[in-house]
Structure formats: structure tokens, C-alpha cells
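Derivation of every value follows stated rules applied to the coordinates shown; laboratory data play no part. Please read all numbers here as calculations on a predicted model, not as lab measurements. No Cβ is skipped: glycine too gets one built from the backbone with ideal geometry, and neighbour counts run over all protein chains shown.
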């Protein structure tokens, strides 16, 4: 029996999109508490953190589950207008997003914008996204300066 392996590409340490790890997977679910119970009791996850009405969150319930290096965030909307509620009403439970760990988040963000801009969005939309990123960076810098 022969085993085919994918063609290996030489890794370049200069690639800002080089993935280090999957940080977490976020699920939008109809009932986060029930889903957390299921994942913990059937698949051996541990519920590390909870944010719901008992902790003061009035718009959504979030359950942070871990198992070794695997991290899930289960989110349920507590109002009909919450994005998770709308998503579950349209599509049912499912993965909303996957967060990756990279060596340089800012460089990876700029590189992905450049790649997406070339294929899918207009130059004006690309410039607007870069401007929003720069504004958010400035706000974060000022917050860090005020805390220090």
C-alpha cells in the first residue's frame, strides 16, 4: 500500500500568515448551558469560564471549554436581536469562527487584508478597513498608556 503525502512547501519564517496554533473555535448554539453540559460529560471537556445572566451578562451566554490544547467558546444569544440568536434561527447550531494564533497579529491582519483586497473588495473598502484598524490600534495604545 502506498501513502500519498501532500507536497510540502518550504516554510518561510517571513510569512506573516504562518499559523502557530488554533486559538479557539466559537460555536453559536441555541442553548449554551446545555451544549456545555453535553461537551463536558460526553467528550471530557472542562468548563473553565462562564459568562451569562448569573454573572451579569444580559445579551449573551458564553461558556469557555477546554480539553488539553483544544478550546471551544459556546455562545447563545439571550435576546432575539443578538447575532447568535439570528444565526441559530437561520442556520441552527454551528461554527461561527475559528481564531488562529500567529507570530505577528498586526502583520497577519495587514497581509490578509491585502490578499482579500486583491480578490474580493474594492480599493475604497480596503482603505476603510485599514483606517478602522489604525484607529483601533490608536485607541488601544492610548488605553495602555492611561493604565500604565
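Computed from the Cβ-Cβ distance with R0 of 35 Å, the FRET efficiency linking residue 31 to residue 69 stands at 0.85. Peptides 56-69, 79-92 ranked from most to least packed, by the mean per-residue count of other Cβ atoms within 10 Å: 56-69, 79-92. Applying 1/(1 + (r/R0)^6) with r as the Cβ-Cβ distance of residue 90 and residue 114 and R0 = 35 angstrom yields a FRET efficiency of 0.65. What shape does the stretch 28-109 take by its C-alpha gyration tensor, where a ≥ b ≥ c are the square roots of the eigenvalues and a/c under 1.5 counts as rounded, a/b above b/c as prolate, and the rest as oblate? Oblate shape, in that a/c is at least 1.5 and b/c is the bigger or equal ratio.
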